[in-house]
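Presented below is the structure to which this report refers.
Just so it is clear, none of the values below were taken in a lab; they were calculated from the coordinates. Because the structure is a prediction, the values reported are computed rather than measured. As a convention, Cβ positions derive from the backbone with ideal geometry for all residues, glycine included, and neighbour counts pool all protein chains shown.
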Amino acid sequence: MMKPQWMTTALLALAMTQVASGEEPLTRIHFGSCVKQTEAMPIFQTIVQDRPEVFLMIGDNIYADTEDMDVMRDKYAKLNADPGFSLLRATSPILATWDDHDFGRNDAGEDYAKKRESQNIFSNFWGDPLSSPRRRRPGVYDSHILGPNGQRVQIILLDTRYFRGPLKKGERRTGGSYYPNEDPAVPMLGEAQWQWLENQLKQPAELRVIVSSIQFIAEAAGQETWSNLPAERRRMIRLIEKTRAAGVVFLSGDRHWSDLSVQRENVPYPLYDLTSSSLNQPHGRGTPTQNQYREVEQTYHQVNFGVVQIDWNGAVTSLEMRIQDLENQTRIQKQVTLSELQPVSK
């Protein structure tokens with residue numbers, strides 16, 4: 001069988017080595033979610049022109065929605081054939097996790113029958129080396145630390161699909177039919193991933209970007225969100241507090257529109273969650289779901305991508321979180337200092 005061109009990893013490996021070992025710190029993180037492989041993807045041309053230093057594909061990177069692995073491979077091949085995506089892949093390191101549609105089925109969790117096979121295809125497409133832990137363990141969670149001492153950025157990519165238990169359903173609301181379930185036995189990450197995450201949060205880093213394919217901070221309003229499993233959501237907050245992990249910012253996708261959320265109470269410091277979605281699937285309804293944690297009034301419902309820009313050279317280190325549209329105009333914006341994202345001294 002001919003080896004597909006998209007399994008070539010040399011360019012990605014070289015680029016990641018240059019970023020990870022460079023003396024200059026990471027200053028520009030771009031990310032996005034929800035791209036349908038059968039439709040036009042002009043947003044990738046805009047992203048390339050904005051010169052990302054690393055790009056995060058954070059879920060629904062294709063719409064596979066199948067248990068036929070040949071169909072899944074073909075859909076990845078369609079994504080790879082897009083000129084804009086191919087140019088992004090040739091010019092920027094890409095780190096990826098998945099959400100439900102590229103995992104294999106809408107809203108799927110641990111019960112998806114082909115999750116092992118899907119993970120193998122995922123690792124092949126995104127160029128995981130044979131030595132990668134993602135080749136040897138269940139789940140596609142991953143972590144990287146980039147930049148020199150004192151200016152380290154840790155990128156943690158969670159897997160919110162492989163281990164996630166069943167969701168509780170009820171009367172449909174604007175965002176969907178899911179409701180919070182207080183049963184602590186229903187998992188989001190699974191014990192192995194939780195243990196791994198605790199170890200990662202103990203690693204030295206100045207800024208930590210935790211990538212969750214679904215929103216972490218937003219309240220439950222019918223959609224898939226961490227708030228549907230409150231015990232798991234609280235566990236994450238307690239873990240950040242326990243490890244005294246400073247500089248945590250969440251990035252999320254899934255919603256087909258963009259939002260910025262923050263929780264300031266019952267947390268070790270303000271926890272922000274920047275949601276960017278979709279790369280080519282704008283939301284038809286255009287009405288945001290209720291979210292008591294919304295930081296800025298506006299949401300954005302056309303195609304977009306997210307940016308975290310870090311200024312290491314100012315009087316204080318700061319980061320600017322933005323949502324950019326197809327013309328690279330800013331639609332949502334928030335600047336915070338790294339000093340705001342520090343646990344309170346005990």
Summing Lys, Arg as +1 and Asp, Glu as -1, what charge do residues with Cβ under 15 Å from the Cβ of R28 carry, R28 excluded?
-3
Decide, for segment 203-346, between rounded, prolate and oblate: order the square roots of the alpha carbon gyration tensor eigenvalues as a ≥ b ≥ c, take rounded if a/c falls under 1.5, and otherwise choose prolate if a/b is larger than b/c, else oblate.
oblate
For the chain, what is the mean residue ellipticity at 222 nm derived from helices alone (per DSSP H run of n ≥ 4: -39500 (n - 2.57); sum divided by total residues; nearest 500 deg cm²/dmol)?
-7000 deg cm²/dmol
Overall dimensions of segment 31-102 by Cα: Rg and Dmax, Å
11.9, 36
Across K242, K75, K115, the residue with the highest GNM fluctuation in the chain (Cα network, 10 Å cutoff) is K242
Over 16 Å [Cα-Cα, segment 152-239], rounded percent
55
Mind sorting D68, D102 by how few other Cβ atoms lie within 10 Å of their own Cβ, fewest first?
D68, D102
Go through K202/K242; K75/K168; K36/K168; K36/K334 and tell me which ones have a Cα-Cα distance over 20 Å in this structure.
K75/K168; K36/K168; K36/K334
Here segment 22-340 gives, from Cα atoms, an Rg and Dmax in Å of 18.1, 54
Local electrostatic count, V307, Cβ distance below 10 Å [Lys/Arg +1, Asp/Glu -1]:
0
All other residues with a Cβ under 11 Å from the Cβ of N120 taken together, and with Lys, Arg as +1 and Asp, Glu as -1, what is their net charge?
+4
Taking neighbour counts of Cβ atoms within 10 Å as a proxy for exposure, in what order, fewest first, do L260, L95 appear?
L95, L260
Taking r as the C-beta separation of T287 and S132 and R0 as 45 Å, the FRET efficiency to the nearest 0.05 is 0.65
Using a 10 angstrom cutoff on alpha carbons, build the Gaussian network for the chain and name the most mobile of T289, T275, T97.
T289
When S132, S143 are ranked with the fewest other C-beta atoms within 10 Å first, the list becomes S132, S143
Hey, what did the chain get for relative contact order, percent, Cα under 8 Å, at least 6 apart?
17
